[in-house]
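The values are calculated or read from the model by the stated rules, or taken from the named source; none is laboratory data. Source: prediction; values computed, not measured. Here the Cβ positions follow ideal geometry from the backbone for every residue, glycine too, while neighbour counts run over all protein chains shown. The protein model used for the area step is the full one, side chains on, heavy atoms only, and it has no ligands, DNA or RNA in it. Shrake-Rupley method; radii C 1.70, N 1.55, O 1.52, S 1.80 Å.
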Amino acid sequence: MKNLLAAIIFLCFCSNMHAQIGFQVQYQRFQDTSYILSGSGFNEFVQADQLGFGIDYAFKLKNYRVEFFPAILYFNKKINKNSIFDTELNTNITTLGLQFNTHIYFLDIEGDCNCPTWNKDGSFMKKGIFAWVSINAYNTVFKQNTPATRNMFTYGASGGLGLDIGLSKHLTLTPFAGLELEQRPVVEFTDLKAERDTKSMYKLDAGIRLGWHWGK
């Protein structure tokens, strides 16, 4: 693990690459829920989606249009429901995520285009469209209207398509969308106890990123 972290830091700061910093908004829609409020009396799903915000540092290979985007994301979801006994059940779900994204500009893999694409010659789609893949890890904390909290660690991989839209010489707007396959425990809240199992599930990832580029 130490060697991996050292390699990432070396790639970020010590190689001949251009760099960006980015801010993103990301929406995730779950294919299936992994935790329910059994105490609600309805056995209803707690969470179907979540909205998060993140920051990333981007860098690229020198001779090929392959770019890397390690990112930190924060999600928060509040659920308020009433049981059949008219008891209010509040659940606060907070998630911290780490993603290592790779963008591959497959139509212009040997091009010399650095983001943004705004001031570059050639086809807008050829310069801007890319396929992306990502390795992801998340830690989620559940808090109900009790002092107790519960943690859930999940991991997965995702992929999809995106498009760079150059706004100026140094700013790029990037919408993206794809699917993520996530391995996560099934958490059921029953009488303040968490019953756990493991399942694989898909979720939709979509978002928009604003990147600021510096360098040549």
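Please give the FRET efficiency for Y202 paired with K62, using the beta carbon to beta carbon distance and R0 = 35 Å, rounded to the nearest 0.05.
Details: r = 35 Å, r/R0 = 1.01.
Once the sixth-power term is evaluated, E becomes 0.50.
Counting only protein chains, not ligands or nucleic acids, how are K77, K169 ordered by accessible area (probe 1.4 Å), most first?
Working: K77 55, K169 120 Å².
Order by accessible area, largest first: K169, K77.
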